[in-house]
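Comments concern the structure below.
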Amino acid sequence: MKKLWDRKFFLFVLGIAVPIMVQNAITNFVALLDNIMIGQLGTEEMSGVAIINQLLFVFNVTLFGACAGAGIFTSQFHGSGNPDGVRQTFRYKLLLGGLLLAASLLVLCLWGTPLIQAWLHQSSSTGDLALTLSSAHGYLKIMLWGLLPYTIKEVYASTLRETGRSVPPMVAGLIAVAVNLFLNYLLIFGKWGMPRLGITGGAIATVVSRVVECAIVMAWTHKNTEKSPYIVGVYRSFHIQPKLAKSITCKGMPLLFNELLWSGAVAVLSRCYAQRGLDIVAGYNIASAVIELASVVYLSLGSATAIVLGQILGADDKPRAKAAVPKLALLSAVLCTLVGIVTVALSGVFPLLYNTTDHIRSLAQKFIIIYGCFQPVYAISNVEYFSLRSGGKMLITFLFDSLFSWIVVVPVAIALVWGTALSAVLVYLVVQFTELLKAILGYFYVKRGSWLHNLVQSY
């Protein structure tokens, strides 16, 4: 334990992680407040928004994967002092993000209705399914306008973080969530002479806040060229070395598909729980808002893990990179144990803020408690995943994450939902135990050390 406790290293990691943590925490906290505000409108409206957010979650995570795939090279180029390499990875992100955006708009515009209906069942014990469907439709139409600024923001913000500039995206995120929260208050409830727009107002507020965040991140990057030298001339051409483009594609595409398949698995799990009725959709939505906030710590430490290990590997110090992993796992596990305790302690508070039934509040609390207990497990498996990814071992990360989700987690959920009479809460509990198996497998993968690679030596 003494060897693992490295105060100087922990402070260095936290210096990278905390700005990411603060940004994500505030973003998710405002998302929680947004969810609570919409929850005042009723169970159906809240459930409709929850379904759309689940669909958009697939796009958000896939875009993250697209940026992160190129980001492996960005971190290592930055670690080796090569701004032109960073510039080319930036261009790659823009092009790939544009393709993902076009594909997502096509899917959601053409097949939005059947996708929404997949969460709705006549067997639902409570709620008006027609109202839920119309609420979801109205919310989706407006939220689509926010996908473009979100895509551009993610390209800029991810590159800033990968080059050690995590504060500007944090500041932009803080301003954006303040705008979102203020407009939510005005437009959802019709305050200060504004029209009462309900969920439409919530969607408009989200889109405007994304435009603001995108504008701030872009402005800072282009103004501070001495801190972001890669941005100089980035739009003069979209030239990317064929060899580099091939390497990013070979390493990054598995990561993109991994995130796509993983987020798809999360959506399928949500759909499985929804089989038990609209009350489960509502309860799980309340819990998810809290869970996303609680997840900020381990997810931010995961991002920090990728950045730290990427920079170390870019400097070609493999022994140091390998020695850093157990320290990162310890830091994440300790912090997330504390977060888990707080989450369980406050599990009954947040559901009380929603305009819904006691039954739905009770369901939400049970989901939150279960998740809080598994926080340390998620912390460790997340560090393992990002460690493997930092060295470009995409096949292993694919097996570790997506394939595991589809061959273990999803089949377990489907078998329990359609093959037993277990409640959605108990199914959710069993599903969480699969994460423990994943963490054990990840330990052996990381220990082997086959992921330790410098990917940018030849550029």
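Examine segment 323-339 for a residue that is in contact (Cβ under 8 Å) with a residue 40 or more places away in the chain, surrounded by 24 or more Cβ atoms within 10 Å (Cβ to Cβ), touching a helix residue (DSSP H, G or I) at 6+ places or on another chain (Cβ under 9 Å) and closer than 21 Å to Ala31 by Cβ, and state whether such a residue exists. For segment 323-339, residues in contact (Cβ under 8 Å) with a residue 40 or more places away in the chain, surrounded by 24 or more Cβ atoms within 10 Å (Cβ to Cβ), touching a helix residue (DSSP H, G or I) at 6+ places or on another chain (Cβ under 9 Å) and closer than 21 Å to Ala31 by Cβ: present. Consider segment 75-93 and keep the residues that are within 23 Å of the chain's Cα centre (by Cα) and farther than 14 Å from Ile240 by Cα. The one that is surrounded by the fewest Cβ atoms within 10 Å (Cβ to Cβ) is Ser75. When Leu110, Leu105, Leu120 are checked against the criterion of being closer than 27 Å to Gly48 by Cα, modelled with pLDDT under 85 and either among the aliphatic types (A, V, I, L, M) or assigned to a helix (DSSP H, G or I) (or both), a single residue qualifies: Leu120.
Does Leu41 satisfy being at pLDDT below 85, closer than 26 Å to Val207 by Cβ and not in a helix (DSSP H, G or I)? Reasoning before the result, please.
Details: at pLDDT below 85: yes; closer than 26 Å to Val207 by Cβ: yes; not in a helix (DSSP H, G or I): yes.
Yes.
Taking only segment 417-437 into account, find how many residues are of a type in the set (A, V, I, L, M), under 21 Å from Ala282 (Cβ atoms) and touching a residue at least 40 places away in the same chain (Cβ under 8 Å). Final tally of qualifying residues: 6. Residues that are assigned to a helix (DSSP H, G or I) and among the polar types (S, T, N, Q) were ranked within segment 275-303; the one that is surrounded by the most Cβ atoms within 10 Å (Cβ to Cβ) is Asn285. Across segment 94-119, the qualifying residues are those that are of a type in the set (S, T, N, Q) and more than 23 Å from the chain's Cα centre (by Cα), and the one among them that is surrounded by the fewest Cβ atoms within 10 Å (Cβ to Cβ) is Thr113. Condition check for Ile240 on (1) in a loop (DSSP other than H, G, I, E, B); (2) touching a Phe, Trp or Tyr at 6+ places or on another chain (Cβ under 6 Å); (3) under 20 Å from Trp119 (Cβ atoms): one failure, at (3).
Which residue out of Ile414, Ile407, Ile440 is among the β-branched types (Val, Ile, Thr), part of a helix (DSSP H, G or I), modelled with pLDDT of 90 or more and under 30 Å from Ser75 (Cα atoms)? Break it down stepwise before answering.
Details: Ile414 fails: under 30 Å from Ser75 (Cα atoms); Ile407 fails: under 30 Å from Ser75 (Cα atoms).
Of the residues listed, the single one that is among the β-branched types (Val, Ile, Thr), part of a helix (DSSP H, G or I), modelled with pLDDT of 90 or more and under 30 Å from Ser75 (Cα atoms) is Ile440.
For the condition touching a residue at least 40 places away in the same chain (Cβ under 8 Å) and of a type outside the set (Phe, Trp, Tyr), Leu197 does not qualify. Exactly one residue out of Leu56, Leu33 is aliphatic (A, V, I, L, M), within 15 Å of Asn355 (Cβ to Cβ), surrounded by fewer than 24 Cβ atoms within 10 Å (Cβ to Cβ) and out of contact with any Pro (no Cβ under 9 Å at 6 or more places or on another chain): that is Leu33.
The set of residues from segment 226-274 being over 19 Å from Phe386 (Cα atoms), aromatic (Phe, Trp, Tyr) and surrounded by fewer than 22 Cβ atoms within 10 Å (Cβ to Cβ) comprises Tyr235, Phe238. Yes or no: segment 6-13 includes at least one residue that is assigned to a helix (DSSP H, G or I), touching a residue at least 12 places away in the same chain (Cβ under 8 Å), among the charged types (D, E, K, R) and touching a helix residue (DSSP H, G or I) at 6+ places or on another chain (Cβ under 9 Å). Looking through segment 6-13, none of the residues is assigned to a helix (DSSP H, G or I), touching a residue at least 12 places away in the same chain (Cβ under 8 Å), among the charged types (D, E, K, R) and touching a helix residue (DSSP H, G or I) at 6+ places or on another chain (Cβ under 9 Å). In summary, Asp317 fulfils each of the numbered conditions (1) acidic (Asp, Glu); (2) crowded, with 20+ Cβ neighbours inside 10 Å; (3) within 27 Å of Gly69 (Cβ to Cβ) with the single exception of condition (2).
Please go through segment 386-422 and pick out each residue that is among the hydroxyl-bearing types (Ser, Thr, Tyr) and crowded, with 24+ Cβ neighbours inside 10 Å.
Our first condition is that a residue be among the hydroxyl-bearing types (Ser, Thr, Tyr); within segment 386-422, this holds for 387, 390, 397, 402, 405, 420.
Ser387, Ser390, Thr397 - these are the residues of segment 386-422 that are among the hydroxyl-bearing types (Ser, Thr, Tyr) and crowded, with 24+ Cβ neighbours inside 10 Å.
Looking for something in contact with a helix residue (DSSP H, G or I) (Cβ under 6 Å, 6 or more places away or on another chain), touching a residue at least 24 places away in the same chain (Cβ under 8 Å), farther than 30 Å from Ala118 by Cβ and part of a helix (DSSP H, G or I) - is there at least one such residue anywhere in segment 58-66? Within segment 58-66, not a single residue is in contact with a helix residue (DSSP H, G or I) (Cβ under 6 Å, 6 or more places away or on another chain), touching a residue at least 24 places away in the same chain (Cβ under 8 Å), farther than 30 Å from Ala118 by Cβ and part of a helix (DSSP H, G or I). A single member of Thr159, Thr163, Thr200, Thr206 is hydroxyl-bearing (Ser, Thr, Tyr), farther than 26 Å from Asn82 by Cα and buried (at least 23 other Cβ atoms within 10 Å of the Cβ), and it is Thr206.
Being over 24 Å from Lys447 (Cβ atoms) and touching a Phe, Trp or Tyr at 6+ places or on another chain (Cβ under 9 Å), is that true of even one residue in segment 326-340?
The first filter runs over segment 326-340 and keeps only residues over 24 Å from Lys447 (Cβ atoms), leaving 338-340.
Narrowing the set further to residues that are touching a Phe, Trp or Tyr at 6+ places or on another chain (Cβ under 9 Å) leaves 339-340.
For segment 326-340, residues over 24 Å from Lys447 (Cβ atoms) and touching a Phe, Trp or Tyr at 6+ places or on another chain (Cβ under 9 Å): present.
Can you run down the residue pairs with Cβ atoms below 7 Å, 6 or more apart or on separate chains, where the first is in segment 14-27 and touching a residue at least 24 places away in the same chain (Cβ under 8 Å) and more than 18 Å from Ala289 (Cα to Cα) and the partner is of a type in the set (A, V, I, L, M) and surrounded by fewer than 21 Cβ atoms within 10 Å (Cβ to Cβ)? The qualifying pairs are Pro19/Val167.
Only one of the numbered conditions (1) in contact with a Ser or Thr (Cβ under 8 Å, 6 or more places away or on another chain); (2) in a helix (DSSP H, G or I) is violated by Val344, and that is (1).
The values are calculated or read from the model by the stated rules, or taken from the named source; none is laboratory data. All figures in this text were calculated on a predicted structure; none of them were measured in a lab. Here Cβ is always computed from backbone atoms with ideal geometry, including for glycine, and neighbour counts include all displayed protein chains.
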